[in-house]
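The values are calculated or read from the model by the stated rules, or taken from the named source; none is laboratory data. All of these numbers come straight from a predicted model, not from anything done at the bench. Cβ: placed from backbone, ideal geometry, glycine included. Neighbour counts: every protein chain shown. Side chains are part of the model used for accessible areas, which takes the heavy atoms of the whole protein and leaves out ligands, DNA and RNA. Shrake-Rupley method; radii C 1.70, N 1.55, O 1.52, S 1.80 Å.
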Amino acid sequence: MVNPLRIFPLNAYPPQNGCVLYWMQRDQRVQDNWALLYAMEKAKILQQAVQVVFCLSPGYLGATIRQYGFMLKGLQEVEEGLYKIGVPFEVLLGEPEQALPAYIQKIKAGVLVTDFNPLKINLEWREMVKTAIDIPFVEIDAHNILPCRVISEKLEYSAFTFRRKAEKRFEEFLTEFPEPVKGLPTNIPDKLIPTDWAGIKKSLLADHHVPEVGWIVPGETAARKALTGFIENRLSTYATDRNFPERKGQSDLSPWLHFGHLSPQRVALEIQKSTAASGSKKAFMEELIIRRELADNFCLNNPDYDNTHGFYSWAWNSLNKHRDDSREYCYSVDQFEKARTHDPLWNAAQIEMTVTGKMHGFMRMYWAKKILEWTASPEEAMTVAIYLNDKYELDGRDPCGYAGIAWSIGGTHDRPWSERPVFGMIRYMNYQGCRRKFNVEEYIRHTKGEEHRT
Ligand code: FAD
Ligand code: FO1
């Protein structure tokens, strides 16, 4: 059922007599989840039960209550959904390398399955758990339509090189999901004893100053509804409207994709089935598959995805050459954070992000490039951009974010442009350019009222 090319064994231990445990990390959903489907397939062969565990790290990459609140509500729906198919779910508090091996001993798990995540912290968790267990440990790529480790064995230079490899394998991997295996042994209680979600939320160290947002409902059900709504109402105008920040032209799916409440493969399958204009379908698939999965390739193959050492040499040399150019404006992280620059357009984008937890995709490029222009060095620009992006964006702490910020500030996946002060040959964007492209006043007015996010 699960394409063997999605399966990445992490050790060579034979299965032991015990349940198949799925350590859920990135793909926090029951539907359309290759890692869960694999665990159930394995359990059927071994005639064992399946269990699911989530290790809740109290301070994950500086996440605030905005992101944790969204995630925990999604996990609550996962617990209910798993119960309906006879699969127990448990949340372990603490770092996985401490909590998980003891839990595996306690429940006598016979096989450990997890999903794929190219971020350094998740790769480190996986390596530490691997050394502490002696049962089979398998990673399943449930997040990419094209399994990241298979579609390319190296760091791809650009969307062009990645697309060449990806497009010819869509057929092979963009398949419908099978029905989950039925009739597994189960030791589920006849009444769901829910996790103490309120207690867990209180126990988090997360910064409570970044409030949760109300315009988006977490979880699988809301995500599927949003996908249907996007396809019915906005997909046909996506190719044109998505680059007009004053319009509601994007899908708004990224928070659910980031937390795995929605499978990108499900999105692609539904887009494919739709009768929307092909130009818009093509434009959307380019972002959803090529751009998004190129970001996973970038993070898996470039450990410096979050700093200037990860830049291409042309970009690094060019930024270095202009390192001492005078900056017309130079702002502190606090001035950026409080949207106190001289530029009303930049400030509007910052306010959109801090208030709604989601900045428009076009504005993210402008926003990050101005941070390069208005900080003392590319290193400081990367630190400020990642800090603000991950503190306020619902979809922060994501490969798409690290790739998007590296593209804006370090020319990653981009080409050299004509040389200029501070930017060197990094693609430049400015206020006049935005005025030529879209209705800047309308966007600024929008973010003041935030009516588009109610
Ligand atoms: P849509 O335009 O509806 O696109 C649908 C999906 O396609 C997105 O959800 C995303 O999964 C993918 N996608 C779209 N554009 C891109 C892109 N440029 N790169 C990779 N995937 C893309 N995305 C995040 O998920 N988290 C981030 O923290 C993040 N930070 C960014 C920072 C900067 C400086 C830049 C330039 C881009 C960043 N992006 C990030 C990528 C992109 O802007 C967002 O994915 C997109 O705006 C999310 O909104 P949407 O789902 O409505 O997008
Ligand atoms: N993944 C986990 O396995 N455990 C966590 O406690 C956890 C917290 C968390 C908080 C904010 C956030 O944006 C992501 C978080 N993740 C956590 C990871 C997330 O599920 C994704 O795997 C990664 O962000 C990769 O995109």
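Pick from region 372-421 the residues that are touching an Asp or Glu at 6+ places or on another chain (Cβ under 7 Å) and not in a helix (DSSP H, G or I): which of them is most open to solvent (accessible area, probe 1.4 Å)?
Among those that are touching an Asp or Glu at 6+ places or on another chain (Cβ under 7 Å) and not in a helix (DSSP H, G or I), it is Pro421.
When the residues of region 57-71 are filtered to those that are among the aliphatic types (A, V, I, L, M) and surrounded by fewer than 20 Cβ atoms within 10 Å (Cβ to Cβ), which remaining residue is modelled with the lowest pLDDT?
Of region 57-71, the ones among the aliphatic types (A, V, I, L, M) are 61, 63, 65, 71.
If we keep only those that are surrounded by fewer than 20 Cβ atoms within 10 Å (Cβ to Cβ) as well, we get 61, 65.
Values: Leu61: 86, Ile65: 96.
Across region 57-71, the extreme among qualifying residues is Leu61.
May I ask you to list pairs of residues, at least six apart or on different chains, whose Cβ atoms are under 9 Å apart, with the first in region 4-16 being within 11 Å of Val111 (Cβ to Cβ) and the second being part of a loop (DSSP other than H, G, I, E, B) and among the polar types (S, T, N, Q)?
Cβ pairs passing all conditions: Pro15/Gln48.
From Pro264, Pro255, grab the single residue that is closer than 22 Å to Glu352 by Cα, within 9 Å of ligand 1 (Cβ to nearest atom) and open to solvent by less than 30 Å² (accessible area, probe 1.4 Å). Please lay out each step first, then the result.
Details: Pro264 fails: closer than 22 Å to Glu352 by Cα.
Within the list Pro264, Pro255, the selection yields Pro255.
Within region 183-190, can one find any residue that is more than 19 Å from the chain's Cα centre (by Cα), open to solvent by less than 40 Å² (accessible area, probe 1.4 Å), aliphatic (A, V, I, L, M) and farther than 21 Å from Ala39 by Cα?
Initial filter on region 183-190 (more than 19 Å from the chain's Cα centre (by Cα)): 183-190.
Next cut, open to solvent by less than 40 Å² (accessible area, probe 1.4 Å) only: 184.
With aliphatic (A, V, I, L, M) added as a condition, the list becomes 184.
Then keep just the ones that are farther than 21 Å from Ala39 by Cα; that gives none.
No: zero hits.
Kindly indicate whether Gln16 is touching a strand residue (DSSP E or B) at 6+ places or on another chain (Cβ under 7 Å), under 20 Å from Val138 (Cα atoms) and not in a helix (DSSP H, G or I). Step through it out loud before you land on a result.
Numbers: touching a strand residue (DSSP E or B) at 6+ places or on another chain (Cβ under 7 Å): no; under 20 Å from Val138 (Cα atoms): yes; not in a helix (DSSP H, G or I): yes.
So Gln16 fails the test.
Exactly one of these conditions fails for Gln28: (1) surrounded by fewer than 22 Cβ atoms within 10 Å (Cβ to Cβ); (2) farther than 21 Å from Pro185 by Cα. Give me its number.
Answer for Gln28: the failing condition is (1).
Kindly indicate which of Trp417, Trp374 is more than 16 Å from ligand 2 (Cβ to nearest atom), more than 23 Å from Arg242 (Cβ to Cβ) and out of contact with any Pro (no Cβ under 9 Å at 6 or more places or on another chain).
Unique residue meeting the criteria: Trp374.
Answer yes or no as to whether Ile193 is farther than 29 Å from Ser57 by Cα and open to solvent by 30 Å² or more (accessible area, probe 1.4 Å). Spell out the reasoning first.
On the way: farther than 29 Å from Ser57 by Cα: no; open to solvent by 30 Å² or more (accessible area, probe 1.4 Å): yes.
In short, no.
Quick check on my filter: what residues within region 302-328 are farther than 15 Å from Ile409 by Cα, open to solvent by less than 60 Å² (accessible area, probe 1.4 Å) and either β-branched (Val, Ile, Thr) or within 16 Å of ligand 2 (Cβ to nearest atom) (or both)?
Answer for region 302-328, where residues must be farther than 15 Å from Ile409 by Cα, open to solvent by less than 60 Å² (accessible area, probe 1.4 Å) and either β-branched (Val, Ile, Thr) or within 16 Å of ligand 2 (Cβ to nearest atom) (or both): just Asn302.
Can you tell me how many residues in region 115-140 are farther than 20 Å from Leu61 by Cα and within 16 Å of ligand 2 (Cβ to nearest atom)? Let's see the steps before the verdict.
Keep residues of region 115-140 that are farther than 20 Å from Leu61 by Cα, which gives 130-140.
Next, from what is left, pick out any that are within 16 Å of ligand 2 (Cβ to nearest atom): 130, 137, 139-140.
Looking only at that region, the number is 4.
Is it the case that some residue within region 328-339 is over 29 Å from Glu124 (Cα atoms) and in contact (Cβ under 8 Å) with a residue 60 or more places away in the chain?
For region 328-339, residues over 29 Å from Glu124 (Cα atoms) and in contact (Cβ under 8 Å) with a residue 60 or more places away in the chain: absent.
What pairs come out if I take residues in region 144-155 that are within 19 Å of Glu286 (Cα to Cα) and at pLDDT 95 or above and pair them with residues that are among the charged types (D, E, K, R) and part of a loop (DSSP other than H, G, I, E, B) whose C-beta lies under 7 Å away, six or more apart or interchain?
Leu146/Arg169; Pro147/Asp141; Cys148/Asp141; Ile151/Arg169
Under 22 Å from Lys73 (Cα atoms) and open to solvent by 20 Å² or more (accessible area, probe 1.4 Å), is that true of Ser236? Explain how you work it out, then say what you get.
Values: under 22 Å from Lys73 (Cα atoms): no; open to solvent by 20 Å² or more (accessible area, probe 1.4 Å): yes.
So Ser236 does not fit the description; no.
Starting from region 243-260, take each residue that is in contact (Cβ under 8 Å) with a residue 40 or more places away in the chain and list its partners that are of a type in the set (Ser, Thr, Tyr) and open to solvent by less than 20 Å² (accessible area, probe 1.4 Å), counting only C-beta distances under 6 angstrom and pairs at least six apart or across chains.
Pro245/Tyr443; Glu246/Tyr443
If I filter region 72-102 down to residues being β-branched (Val, Ile, Thr) and within 21 Å of Gly18 (Cα to Cα), which single residue comes out as least open to solvent (accessible area, probe 1.4 Å)?
To start, the set of residues in region 72-102 that are β-branched (Val, Ile, Thr) comprises 78, 85, 87, 91.
Going one step further and asking which of them are within 21 Å of Gly18 (Cα to Cα), we end up with 85, 87, 91.
Working: Ile85: 76, Val87: 6, Val91: 23 Å².
Of everything passing the filter in region 72-102, Val87 is least open to solvent (accessible area, probe 1.4 Å).
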